[in-house]
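Only one structure is covered here, and it is reproduced in the block below.
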Amino acid sequence: MADERDLIELMAEMKRVGVDPHSFPAGITVSREEALRVLATLEDDVGPSAFLTALRVEQHHTHGDMASAIASNSATSASPK
């Protein structure tokens, strides 16, 4: 039942911001938590392009931070002692 409630909550938030959950691009992979975090930052009826833009910014920020941390850690590990 929790999965059904999670899906209902996600679909309701998508509808609130103007995203048709039935036409959401299948190639986009995003966790429920990440999608809800992004949706919560948007105003009502902003539309799908605002959602996708905010999602890209969030993913770039999150994955960019991870890539920087990995690169920094690799550089530190590779330096001679």
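Some values worked out for this structure:
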{"item": "Per-residue ³J(HN,Hα) for region 29-41, Karplus 6.51 cos²θ - 1.76 cosθ + 1.60, θ = phi - 60°, Hz, x for Gly and Pro", "result": "10, 8, 6, 4, 4, 5, 4, 5, 4, 5, 4, 5, 7"}
{"item": "Pair E9, T29: separation of 7 Å Cα→Cβ label points (nm)", "result": "2.3"}
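Only the coordinates and a few stated rules stand behind these numbers; no lab work does. Everything numeric in this text was worked out from a predicted model, so none of it was measured. Here Cβ is always computed from backbone atoms with ideal geometry, including for glycine, and neighbour counts include all displayed protein chains.
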